[in-house]
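What follows is one structure encoded as structure tokens, with my remarks underneath.
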Amino acid sequence: MSKKRSIRIGLLGFGVVGQGVWKNIEKNRLALEYRLGTQLEITQVVVKDASKAREVLVPSGSYSEDPARVVDNPAIDIVCELMGGTSKALELTRRALEQGKIVVTANKALICEHGEELFEIARRNGGHYFYEASVAGGIPIIKTIREALVANRFKLIFGILNGTSNYILTRMEREGLSFDATLGDARKLGYVEADEALDLDGIDAAHKAVILAYLAHGKWVKLEEIICEGIREITGEDIEIAGQLGYKIKLLAVIARDFEANKLSVRLHPALISKKEVIAGVDEVYNGVSVTGDVVGTTVLIGRGAGQDATSSSVISDIADAVFMLQGGASAVISEEDEATHQILADGLELALGDELIGRYYLRIYVRDEEGVLAKISDILAKEHISFATVNQKELEDGTAKLMVTTHMSSEAAITRAIALLNGESSVIGAPVSFRIFDPGN
Ligand code: HSE
């Protein structure tokens, strides 16, 4: 095979993903280089602590604690930022993009918080910022939306974007385990992020939802502007009752666009979803994304959303795109011109407020098991024009009971007001809990 000049890659960070990139480039080097028509060389690996033992051994000449050897090095063609975090990673990504370099990243928090600025720096300086590995690990969701489904406008994208919380919910459902017991196992297996709130409070999946919303609709949404609720409130009883009613409970990212009203809803929350939906069957640490385009209809992608090999598969895919760019080949990568199109698509697009949601809801209300309680609760709901679809009561031994109800279609604003009224009702103990019921057909 005739070879063009080799492409030199520098890695910033050599943790789980960085070592995976090294390992998997080595593993499939022959096929990869044949497909790309060039040799790949990882010539620099920069780490915070070079004395730390790592599984993958790198030649000492390429190994250092000096990021300048990657970021400011004219001999480096592709910078892979795999260090994570949003401070040092921001500084180094800016610096590399300001020099017109191509940067590949898996850093969802950084893109979510600073993507607008970083993409702009990349465009201004003729570089590029690739981010396939930042959403849904090994699932090629970025390329799918950007390239394969380019003919479409996207009415609805929804799915499971956090493997750890999906693992916890799956085991709670299958084995009847408590949230705490399952969380303990998830920690032992090394699934839970060091900052547990990222997985348990939905922040990690919300970062990914923000990225998908930008990709599909050209609009940057701030994390603080969207509904972001995690899985801590979900109990085994909720999962059990949901199951009896034909639902699973999943932590869902939803990006829904109303083209007529020119509104975009971006949200991340637990939801009851019919077991008949493909996404409801995505269990354990898997991720799944359902994309509905106006031309193609619905496409569902399922795969490993985290882990060394899955994530490095996406990083290497971006490295391949970067190689095509460097070779001057036709690139499917969003160009400045496409960015202008992006802005046209987002023109006048407004973010829908949570209160504007309409749907069915599941409520869990803990009450004193006394005469007339059900009537009082139904009065409160009726005042807000909320009607019961199903009611389950679980009697407890201490004279209390748990009421689990689902509602017919209602507005989120009415549910919020009803919960405030229920909170003030003397027969209600503690704060009622509500989950949305998600129906992709609504
Ligand atoms: N904590 C993430 C998850 C890792 O569980 O999905 C991948 O982004």
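Only the coordinates and a few stated rules stand behind these numbers; no lab work does. What you are looking at is a predicted structure, and each value in this text was computed from that prediction instead of being measured. FYI the Cβ positions are ideal-geometry reconstructions off the backbone, even for glycines, and counts take in every protein chain you see.
Tabulated results
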read-out	value
Extension gain, residue 196 back to residue 396 (0.36 nm per residue minus Cα-Cα distance, nm)	68.8 nm
Value of relative contact order over the range 294-442, rounded to a whole percent, pairs C-alpha under 8 Å and six or more apart	26
Contact order relative to length of the chain, as percent, for alpha carbon pairs under 8 angstrom and 6 or more apart	15
Evaluated over the chain, the Cα radius of gyration and Dmax, each in Å	24.1, 85
Residue 345 versus residue 35: modelled label distance in nm, points set 7 Å from Cα along the beta carbon direction	2.5
Distance between the range 101-141 and the range 166-226 - C-alpha centres, whole angstrom	20
Cα-projected label distance for residue 98 with residue 175, points at 7 Å along beta-carbon direction, nm	5.1
Loop-located GluC sites (Glu not before Pro) in the range 1-97 whose Cβ has at most 13 other Cβ within 10 Å (DSSP)	55, 65
Gain on full stretching of the segment that runs from residue 262 to residue 300 - 0.36 nm per residue minus C-alpha separation	11.2 nm
Exceeding the 20 Å Cα-Cα cut-off - candidates 27/188; 108/222; 27/52	27/188; 27/52
Extended-chain gain in nm, criterion 0.36 nm per residue less alpha-carbon gap, residue 416 and residue 87	114.7 nm
The range 10-169: relative contact order as a whole-number percent, Cα under 8 Å and 6+ apart	18
Cα-projected label distance for residue 65 with residue 53, points at 7 Å along beta-carbon direction, nm	2.0
Over the range 161-285 - Rg/Rh using Cα atoms and the Kirkwood inverse-distance radius	1.00
Estimated FRET transfer efficiency when R0 is 30 angstrom, pair residue 224-residue 439 (beta carbons, to 0.05)	0.65
